[in-house]
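Just so it is clear, none of the values below were taken in a lab; they were calculated from the coordinates. Worth saying up front: this structure is predicted, and the values here are computed from it rather than measured. All Cβ positions, even for glycine, are placed from backbone atoms using ideal geometry, and neighbour counts span all protein chains on display.
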Amino acid sequence: MAGAIILILILTGIAGVVLVDNLIKKVMSLVILNSAIVILFVWSGSLTGSEAPIMLAGARDIVDPLPQAIMLTDIVIGICVTAVALAIVLRIYERWGTVSRRKLEKLMNENDD
Amino acid sequence: MKRILLLCLTCLLLAALAVLVLDAVVPLFRSRPANTESAGNWGAPYQLREYFSLHGVAESGALNLVAAIYLGYRAFDTLGETIVLVISVAGVLLFTGAR
Amino acid sequence: MKESKIVVLVSRKLVPYILLFGLYLISYGHLSPGGGFQGGAVLSSAMLLLCLSRGVAATRRLFRYRAVSAVEITAFALFLAMAAAGTALGVSFLGNFLPLGRIGEVPSSGFILFLNLIIGLEVGAGITLICYSLLQEE
């Protein structure tokens, strides 16, 4: 059940990046894709146990802590990529005046000719 | 071209919905060692979990095993991540005209 | 962006508590869920609240641009210095050279506590700088 939800989220992210017209919504789809991959790794690590990996007194059946530690780094890298992408979209808006992909294609083709 | 893409995405979405329905209808029984101290079952995929639950606190001194991993056993990944953060901040400052 | 008095008042009362909670998450990172990255994100969310309610110019008068930038670069240099100190003192690169105290108290597992503080300050300052740059109005 969780695997199917993760697959649907990944498909939503990929479909959003390819098919949506607005540039800022494309960046949002990238964020959805990143979060779906994080959930995939943490879920697949949680199948081996039933408790949080904090070794208080009497903790026996803990979850696998390695995917969680690696996904911490992945979340911060997602924030960095989103920040740079939004800065690029800001510059595109300041230069061309629009954030729509079709209008940008038209304006850039007219500028080249 | 867009129609082929939409067709593939619809097929994958239908496959995801089929997996959802099957997962709710057919329960999966998974056997795993419940007691980590007496069960010597160190086969994959439980070997890392058993190693960390037996030796993690004593070797690094932290009760939080996730902190022990990303600052003790694998601190090099954290170093790379801080480098990525500094470079991305420099990139954002470049693109938005730092003052 | 027009200022709203309720939002400004509530954010002025809330920001110290958000900063305190972020510091709690950073310093108890090795005993309970939390750590450097999580506490740094909470610290930067307090700055984001100030930027969204009062505007970036007023926030930059309170937390100066050069101070935040200096905090981030100093934290990164300190991280590298602690990593190199591991090599200099006989343990491996990024090895634990401080003594492990009593397990279960805050000043224990010496190296991990310092690294959590350094990473928390760095992530908080970095995301604050990103917010200052992207939310500018001119």
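Observations, loosely collected:
- Inter-chain shielding of B:53-61 (mean C-beta neighbours from other protein chains, 10 Å cut-off): 5
- The alpha carbon gyration tensor of the protein assembly as shown gives principal lengths a ≥ b ≥ c with a/c of 1.5 or higher and a/b no greater than b/c, which makes the shape oblate.
- D_trans [Stokes-Einstein, Kirkwood Rh over alpha-carbon pairs] for region A:27-89, 20 °C, 1.002 mPa s, µm² s⁻¹: 163 µm²/s
- Residue-averaged beta-carbon neighbours from other chains (10 angstrom radius) around C:20-31: 2
- Per-residue Cβ neighbour rank within 10 angstrom, fewest leading, C:I130, C:I6: C:I6, C:I130
- Across chain C, C-alpha contacts under 8 Å between residues 6 or more apart give a mean separation that, scaled by the residue count, equals a relative contact order of 32 percent.
- Cβ-defined net charge surrounding B:T82, 13 Å radius [Lys, Arg +1; Asp, Glu -1]: -4
- Residue order for B:T10, A:T48, A:T12, fewest other beta carbons within 10 angstrom first, comes to B:T10, A:T12, A:T48.
- Each residue of region C:101-107 was assigned a 3J(HN,Hα) from its phi angle through the Karplus curve 6.51 cos²θ - 1.76 cosθ + 1.60 (θ = phi - 60°); the sequence is x, 6, 5, x, 10, 5, x Hz, with glycine and proline shown as x.
- Reachable lysines, given that their alpha-carbon falls under 18 Å from the alpha-carbon of C:K13 and they are not under 8 places away in the same chain: C:K5
- For chain A, the relative contact order is 24 percent, taking Cα pairs closer than 8 Å that sit 6 or more residues apart in sequence and dividing their mean separation by the residue count.
- Within 10 Å of each Cβ in C:68-75, the average number of Cβ atoms from other chains: 1
- Built amide H within the under 5 Å cut-off of C:L98, gap 5+: C:F111
- Prolate/oblate/rounded call for region C:5-134, Cα gyration tensor, a/c under 1.5 rounded: oblate
- Kyte-Doolittle at least 1.6, axis length at least 18 Å by Cα - qualifying DSSP helices, chain C: C:5-27, C:110-134
- Partners for A:K103 among lysines (Cα-Cα distance below 19 Å; same-chain residues under 8 apart left out): A:K25, A:K26, B:K2
- Karplus 3J(HN,Hα) series, Hz, for region B:69-76 with 6.51 cos²θ - 1.76 cosθ + 1.60 (x for Gly, Pro): 6, 7, 10, x, 6, 10, 6, 5
- From helices alone, chain A scores -26000 deg cm²/dmol at 222 nm; the rule is -39500 (n - 2.57) for each run of n ≥ 4 DSSP H residues, then divide by the residue total.
- Summed residue charge, Cβ within 15 Å of C:A41's Cβ, Lys/Arg positive, Asp/Glu negative: -4
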